[in-house]
Structures are given as C-alpha cells and as structure tokens.
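One structure below.
The values are calculated or read from the model by the stated rules, or taken from the named source; none is laboratory data. Please read these numbers as outputs of a predicted model, since none were measured by experiment. Protein only, heavy atoms only, side chains kept; ligands, DNA and RNA dropped before computing areas. Shrake-Rupley method; radii C 1.70, N 1.55, O 1.52, S 1.80 Å.
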Amino acid sequence: MRTNIVLDDELVDEAFSLTSVRTKRELVDLALREMVHRRRKKNLLDLAGKVSLRPDFDHKEMRRLRDDSD
C-alpha cells in the first residue's frame, strides 16, 4: 500500500540510530511489525491465569519434542 505520511524528523533520526535499517520505508515497516508483535504478546499476557491445562500435561516433554524437531 502506498501512502504519504509526515514523520517527526528527530524521532526518525533517533530510530535510525537504534536500528540497522537504511530507508524510511524499512524503518516504518520495522516499527509496525514491532508494534503488532508487542500488542499480540500483550494480548497473550491477558490470558494469564485464565487457561487451565490438563492435569497430565507434561510441558517438559512438549519442549523436548519441539527441540527434537529442529
């Protein structure tokens, strides 16, 4: 999607100094991806204490199976 936006120059300069991206397009893309990731992670934290696992669920076994598949 193409769009024109006005960006805060000081904020853009600071963001460039904190990242390895080279273009404003990459910078905006990275910012959007990080925002979406952070919001999704926050939504998962809202579930804390609301999810109950089966009594026989073995998280160590699941971790082992996951690691073995790599």
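To the nearest ten degrees, helix 9-18 and the longest principal axis of the Cα atoms of the chain are 50 degrees apart.
Nearest 10 degrees is fine. How inclined is helix 59-68 to the longest principal axis of the chain, computing both from alpha carbons? For helix 59-68, the angle is close to 60 degrees. Against the chain, whose longest principal axis is taken from its Cα atoms, helix 24-45 shows a tilt of about 30°.
Of all aspartates and glutamates in the structure, those lying under 14 Å Cα to Cα from Lys60, and not within fewer than 8 positions of it along the same chain, are Asp68.
Fully extending the segment from Lys24 to Leu65, taken as 0.36 nm per residue of separation minus the present Cα-Cα distance, adds 10.6 nm.
Taking all protein chains as they are arranged and a probe of 1.4 Å, the heavy atoms of Val21 leave approximately 30 Å² accessible to solvent. To two decimal places, what compactness ratio does the chain give when its Cα radius of gyration is scaled by 2.2 N^0.38 Å? That ratio works out to 1.78.
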